Amino acid sequence: MDSVPIQLALPLLESSGPLKICSKCARALPLSAYYIKVKATGRRMADCRDCHNAGSIAYYATHKEQHNRVARERRQRDPARARAKDRAKNARTRPQLLVRRRAWHALPANKAKTKAYHKAHADQERAYYHAHAKCFIARAGAWNKAHPDAAAVYTRNRRARLAKAPGRFTPAEWQHVKERQDYTCLDCGQREPAIKLSIDHIIPLSKGGSNDIANIAGRCQPCNSRKGARLP
Ligand SMILES: [Zn+2]
Ligand SMILES: [Zn+2]
């Protein structure tokens with residue numbers, strides 16, 4: 001274990017208080033730099049966190065098979081407990097995970113990587129989708145039900161894309177349009193929640209209008225259908 005190069009990266013956590021000499025690296029460090037060994041008494045380990053972590057990594061490298069076998073056996077002995085632990089960990093780390101994932105996907109190089117991956121695995125992904133179509137459809141349906149306004153925006157964007165009309169807008173932009181109209185229908189003057197504003201293309205897509213937010217207004221459903229594909 002001593003042959004493993006140790007990365008001593010631990011910052012000094014406190015400047016006062018008693019110091020303790022690490023049994024491995026011999027640094028004098030505050031107590032908080034050591035893991036607690038005995039919870040009841042608060043007794044600390046003999047080696048500092050850096051040394052202990054390095055030791056764990058070295059141990060795992062040489063005992064990988066054994067470690068994984070023990071973990072697998074524990075999981076088989078009590079699958080419910082293992083799943084509960086997984087769920088708890090996922091819940092704990094999810095916010096960080098989402099931030100990291102978003103940052104990763106925002107990099108142009110990674111965008112290209114993702115695109116290439118999907119292209120190379122298109123057949124597998126299609127097969128997976130078809131094998132799980134019911135789950136996907138149920139999940140999407142539940143999401144749409146929980147987010148009706150956003151779902152309406154995405155439907156408009158999809159239809160516009162299929163109709164080869166330019167422009168797309170976001171749920172936030174649609175909210176802003178409604179707010180600007182004070183949640184009132186442009187034609188009949190009724191106000192939410194008595195009516196429900198629906199998305200109207202001021203110049204209809206069929207007349208060459210764009211799906212850009214500048215061409216979006218809120219009208220109640222009856223007024224929207226009465227207007228139909230006529231120009232305003
Ligand atoms: Zn140490
Ligand atoms: Zn109306």
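Filtering region 42-83 to residues that are within 30 Å of residue 27 (Cβ to Cβ) and away from ligand 1 (no atom under 16 Å from the Cβ) leaves 42, 43, 60, 61, 62, 63, 64, 67.
The set of residues from region 72-93 being exposed (fewer than 11 other Cβ atoms within 10 Å of the Cβ) and either under 23 Å from the mean Cα position of the chain (by Cα) or at pLDDT below 95 (or both) comprises 87, 88, 89, 90, 91, 92. Taking first residues from region 200-224 that are touching a residue at least 40 places away in the same chain (Cβ under 8 Å) and partners that are outside any helix (DSSP H, G or I) and among the polar types (S, T, N, Q), the Cβ contacts under 6 Å between residues at least 6 apart in sequence or on separate chains come to 218/181. Residue 111: exposed (fewer than 13 other Cβ atoms within 10 Å of the Cβ), without any contact (Cβ under 8 Å) to a residue 24 or more places away in the chain and not assigned by TED's automatic domain parsing to the domain that holds residue 223, yes or no? Here the answer is yes, as residue 111 does meet what is asked. Only one of (1) more than 10 Å from ligand 1 (Cβ to nearest atom); (2) exposed (fewer than 11 other Cβ atoms within 10 Å of the Cβ) fails for residue 26. Which number is that? Condition not satisfied by residue 26: (1).
The values are calculated or read from the model by the stated rules, or taken from the named source; none is laboratory data. The structure displayed is predicted, hence computed values, not measured ones. Note: ideal-geometry Cβ built from the backbone for every residue, glycine included; neighbour counts use all protein chains shown.
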